Amino acid sequence: MTNVGVGDISYENSGFQIPIDVREGADVLVQVMIYDVSGLHQEEMQLILERVSLSYGHTAIFIPAPLPEGSYKAHIALFQDGKRLAGRILDFHIN
């Protein structure tokens, strides 16, 4: 079941780039919770749930999430068979 490795996630080209190493085929659920951050306040803005079928050697997942200018925090988690494989928190700014 832990045949998926996740690298450093980034936000670019209006979406989340999730580097991934797949040692055998897998179906994963990607959950992205995006928060708008202003000062010390953050407000949930968007929830993205996307099922992705991965094949051996898959190198990246792209999750589209166009956002306006601002500061954001994203909680990103990958699940397989109901169990959490990986989770990351990403702070980023869009100019």
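Tabulated values for the structure
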read-out: Solvent-accessible area per residue for the chain (1.4 angstrom probe, square angstrom); value: 59
read-out: [x] 6.8; [y] 5.9; [z] 8.1, with the label sought being that of the calculated mean projected area of the Cα convex hull in nm²; value: [y]
read-out: Estimated inter-spin distance, S71 and Q46, nm [label 7 Å along Cα→Cβ]; value: 2.0
read-out: Accessible surface of the chain [probe 1.4 Å, protein heavy atoms]: carbon and sulfur percent; value: 47
read-out: Cα-centred dipole magnitude for the range 1-76, charges only on beta-carbon of K, R (+1) and D, E (-1), debye, nearest 20; value: 160
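The values are calculated or read from the model by the stated rules, or taken from the named source; none is laboratory data. In this text the structure is predicted, and so the values were computed from the model without any measurement. So basically every Cβ, Gly included, is an ideal-geometry build from the backbone, and we count neighbours across all protein chains shown. For the accessible areas, the whole protein counts, side chains as well, though only heavy atoms, and no ligand, DNA or RNA atoms are used. Shrake-Rupley method; radii C 1.70, N 1.55, O 1.52, S 1.80 Å.
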